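The values are calculated or read from the model by the stated rules, or taken from the named source; none is laboratory data. Since we're looking at a predicted model, the values are computed, not measured. So basically every Cβ, Gly included, is an ideal-geometry build from the backbone, and we count neighbours across all protein chains shown.
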Amino acid sequence: MKFKTSTKLALSTASAALLVAGCAGGMSQGSGMTSAELDAVTQQVVKDSFHDKGIVKVSQVFAEDPTMKACNAADVAGQPLAPARAKEIEALNMKTIHWPANGKYLGDWKEGEKLAQSGRGRTWTDKADTPNGGNCYNCHQITKQEISYGTIGPSLYNYGKIRGVTDPNSPQAQEIVKYTWGKIWNSKAYNACSNMPRAGHMGILNEDQVRDIVALLLDPKSPVNQ
Amino acid sequence: MQARALCLAALGVLAASTPALAQKTSTQAIEEYREMLQDGNPADLYEMKGAELWTKKRGPKGASLEKCDLGKGPGVVKGAFVELPRYFADTGKVQDLESRLLTCMSTLQGIDPKEVIDGKWGKGERANVTALATWIGSESKGMPFNLPQSNAKERVMYEVGKRLFFMRGGSHDFSCASCHGEDGKRIRLQDLPRLSGNPGDGVGFAAWPAYRVSNGQMWSMQHRLNDCYRQQRFPEPGYASDATVALGVYLGVNAKGSKSIVPAIKR
């Protein structure tokens with residue numbers, strides 16, 4: 001009796017026990033399926049389980065996105081992306097960054113602080129016109145005054161000071177100013193599978209709001225840099 | 001694709017036959033609150049309601065749930081909670097506690113599952129299921145989680161749950177793992193357990209149903225997952241849908257050996 005991993009052959013032996021053996025050959029975690037088959041089952045489960053609610057639409061949330069697809073697969077496999085693939089994804093996201101049309105990168109840090117405090121917007125209990133927050137404090141320490149901050153992201157306290165930014169308009173500061181804008185607009189341009197949302201790219205924050213958050217981080221007068 | 005279809009079909013056949021340093025963290029604050037409430041967790045009220053609902057003759061069939069099979073045989077409640085979700089031969093499905101209760105309410109009492117599935121949290125039959133889940137959970141208090149993985153469908157659901165756990169999407173690119181993928185992290189001051197591994201006794205999967213102090217509500221696991229998905233900016237998962245059951249399998253199997261503290265008390 002020939003024994004291949006083909007399930008078809010296993011079926012032809014008409015034995016349930018052999019069938020399990022056939023299905024299990026090179027399969028994932030004894031589930032009897034290959035990883036690709038499990039991905040397909042998962043897609044079906046998603047399709048059958050989730051429904052639109054309020055402003056949140058199934059078609060948008062699960063829309064095909066090469067960045068999400070690659071990073072999700074890497075997490076399931078428990079392996080980081082191959083460095084070359086990570087570079088490709090970062091380049092893909094870099095292209096999406098919308099740089100300020102007027103060349104002005106810094107807005108009002110006080111408005112930036114308000115945005116950083118707010119975690120509102122885009123849930124199924126929010127309205128379409130609920131102003132989106134930046135969700136910044138949920139994951140980052142930012143000012144010394146706010147002690148209720150999360151730790152999923154690094155501390156941003158003294159962000160500009162540590163990086164030696166004394167005048168954000170100076171030529172020496174341009175590299176860090178641009179990086180800060182880009183990171184907020186699309187975090188995945190710098191770290192393919194970053195935990196951070198792509199605030200500009202996904203339309204969570206607009207250009208003026210990104211400007212205000214850049215100011216919160218880089219304006220020497222901002223409490224971040226005191 | 002053909003191989004997959006065959007594999008799936010065949011498995012179906014088989015299955016049918018077989019901190020910030022200075023400040024107080026939320027954990028510390030809740031610990032203190034728990035101590036204060038040791039003699040009176042408001043969850044007790046839901047627990048009592050659940051115990052009554054189990055023996056009460058209800059529904060179009062005027063029957064109790066005492067013959068309900070939660071996985072350890074008809075009427076066996078003790079120890080059932082820490083082995084769910086699991087595969088049930090009569091429905092051919094992997095079910096969590098709440099989806100199993102829907103089956104029992106439907107078959108024994110004639111109560112339409114739609115009353116729960118299309119219902120609202122804390123209201124009507126959905127509130128009854130939460131109370132039942134609270135009582136059934138409490139009957140396994142202190143017992144270690146030990147979900148079966150002997151059935152192929154249970155193993156498939158684990159793998160599906162894992163994929164759902166790591167599935168980023170939506171406007172914010174969030175997955176379950178965005179918040180629950182690393183040890184020792186917080187959102188604001190809220191401590192976050194890492195649920196891709198075993199978070200320990202009474203943490204994560206081993207802590208729901210729980211009474212939530214902040215809104216004065218009793219939350220089941222279905223409610224907990226539902227609100228996680230809301231905050232994740234995902235669409236709503238159906239009540240007792242396969243996605244929620246698969247996540248339950250993933251979290252429950254990961255928690256193997258950890259002891260249940262249900263009914264817990266939470267922020």
When residues of the stretch A:97-152 are limited to those that are surrounded by fewer than 16 Cβ atoms within 10 Å (Cβ to Cβ) and under 19 Å from the mean Cα position of the chain (by Cα), the one farthest from the other protein chains (Cβ to nearest Cβ): A:98
Are any residues in the stretch B:181-196 within 11 Å of another protein chain (Cβ to nearest Cβ) and not acidic (Asp, Glu), and if so, which ones? B:181, B:184, B:185, B:186, B:187, B:188, B:189, B:190, B:192, B:196
For the stretch B:242-260, pairs from a residue that is within 14 Å of chain A (Cβ to nearest Cβ) to a residue that is part of a loop (DSSP other than H, G, I, E, B) and among the hydroxyl-bearing types (Ser, Thr, Tyr), with Cβ under 8 Å and 6 or more apart or across chains, are B:254/B:196
What single numbered condition from (1) surrounded by fewer than 21 Cβ atoms within 10 Å (Cβ to Cβ); (2) part of a loop (DSSP other than H, G, I, E, B) fails to hold for residue B:115? (2)
In the stretch A:34-64, anything more than 7 Å from chain B (Cβ to nearest Cβ) and either crowded, with 17+ Cβ neighbours inside 10 Å or not in a loop (DSSP other than H, G, I, E, B) (or both) is listed as A:34, A:35, A:36, A:43, A:44, A:47, A:55, A:59, A:60
Being under 29 Å from residue A:54 (Cα atoms) and not hydrophobic (A, V, I, L, M, F, W, C) is the filter here, so list the residues in the stretch B:146-177 that pass it. B:161, B:162, B:163, B:168, B:169, B:170, B:171, B:172, B:173, B:175
Quick one: would you say residue B:224 is more than 13 Å from every other protein chain (Cβ to nearest Cβ), closer than 21 Å to residue B:101 by Cβ, out of contact with any His (no Cβ under 7 Å at 6 or more places or on another chain) and modelled with pLDDT of 95 or more? yes
Within the stretch A:100-127, how many residues turn out to be part of a loop (DSSP other than H, G, I, E, B) and either among the aromatic types (Phe, Trp, Tyr) or at pLDDT 95 or above (or both)? 16
